[in-house]
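Each remark here refers to the structure printed beneath this line.
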Ligand code: GLY
């Protein structure tokens, strides 16, 4: 990102505890400490205070996260609304999809532990034209960069751009070489072009035939989860009402953690169980329809956020 002038958090990468702590003091709190490796989702510490950051750095180098802690990244803490912008990438070009905004915390008001995503909507109405132009430029420059030295890997597929809309403009939080979950559940229903044609063009590097057309409808997805998620939860609870929910106009229910039991009944089999997606002429209509559909589905311990999209519907000032 540095080499390609792609805006992201200021950061330093260290193999030495003293240097990492000195850099953290220079950046000042709040900041983020990351064990630079796989740490079962636990290797990122958002430190509101400097002494918490320093403890986190020491923890990494003392082996709390195994080998992942041998290198530690100390990063500026970005603030603002998050926004996901995914793109189909082929032959060094990016074809951006519609914007979406995930809700990662377990409970209303963005409280509780992080999850795999409790709900999402598309498009994101709080994004300004200028921010959109910056995010599109970042996706295009990133796609072009993958095709140049030192990568030269001609990446073909989906590039997921995770952005923070900071007061200084959009900055990249993360890239993933995949679709987003649950972003895909609201982006693809709005795609009017044929997905198979696009995937074929991406795979064959045919940039001339990719033309993404989007429905003007709004899409909102509410995730129905098992009681206890993202902590321990029970499985095997009988799920009722999916057909009734899908009988609603413009509602589709995607299965995530479900299976059939020995009696052929639909039962829960994961933390995030179902994704209830509704489309509507307006943001409010899509949100109301999604929640009406959610109420028709029942299983013991059903848990979901009731504020998906509420912050964005209230406007950008909700993040201040
Ligand atoms: N929604 C977050 C992700 O797919 O990584």
Item to complete: Can you tell me which residue among 237, 311, 302 is farther than 26 Å from residue 190 by Cβ and touching a helix residue (DSSP H, G or I) at 6+ places or on another chain (Cβ under 9 Å)?
Response: 302
Discussion item. When you scan the range 139-151, do you find a residue that is away from the ligand (no atom under 16 Å from the Cβ), closer than 20 Å to residue 220 by Cα and surrounded by 18 or more Cβ atoms within 10 Å (Cβ to Cβ), even just one?
Written reply: no
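Residue-wise test of (1) surrounded by 15 or more Cβ atoms within 10 Å (Cβ to Cβ); (2) farther than 29 Å from residue 261 by Cα; (3) under 21 Å from the mean Cα position of the chain (by Cα).
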site	(1), (2), (3)
194	no, yes, no
218	yes, yes, yes
223	yes, no, yes
234	no, no, no
242	yes, no, no
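Residues checked against (1) more than 16 Å from residue 175 (Cβ to Cβ); (2) surrounded by fewer than 21 Cβ atoms within 10 Å (Cβ to Cβ); (3) within 16 Å of the ligand (Cβ to nearest atom):
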position	(1), (2), (3)
82	no, yes, yes
92	no, yes, no
104	yes, yes, yes
111	yes, yes, no
130	yes, yes, no
136	no, yes, no
154	yes, yes, no
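Within the range 55-72, count every residue that is outside any loop (DSSP other than H, G, I, E, B) and surrounded by fewer than 19 Cβ atoms within 10 Å (Cβ to Cβ). Before the answer, list the steps.
Narrowing the range 55-72 to residues outside any loop (DSSP other than H, G, I, E, B): 55-61, 66-70, 72.
If we keep only those that are surrounded by fewer than 19 Cβ atoms within 10 Å (Cβ to Cβ) too, we end up with 55, 58-59, 66-67, 70.
Counting residues in the range 55-72 that are outside any loop (DSSP other than H, G, I, E, B) and surrounded by fewer than 19 Cβ atoms within 10 Å (Cβ to Cβ) gives 6.
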Discussion item. Taking the condition of being in contact with a helix residue (DSSP H, G or I) (Cβ under 7 Å, 6 or more places away or on another chain) and either without any contact (Cβ under 8 Å) to a residue 40 or more places away in the chain or crowded, with 20+ Cβ neighbours inside 10 Å (or both), how many residues in the range 113-125 meet it?
Written reply: 4
Practice prompt. Working carefully through the options 184, 207, find the one that is away from the ligand (no atom under 15 Å from the Cβ) and surrounded by 14 or more Cβ atoms within 10 Å (Cβ to Cβ).
Written response: 207
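Read the figures in this text as sums done on the coordinates, not as results from a lab. Since this is a predicted model, take the numbers as computed values, not measurements. Cβ coordinates were reconstructed from backbone atoms using ideal geometry, including for glycine residues, and neighbour counts include every protein chain displayed.
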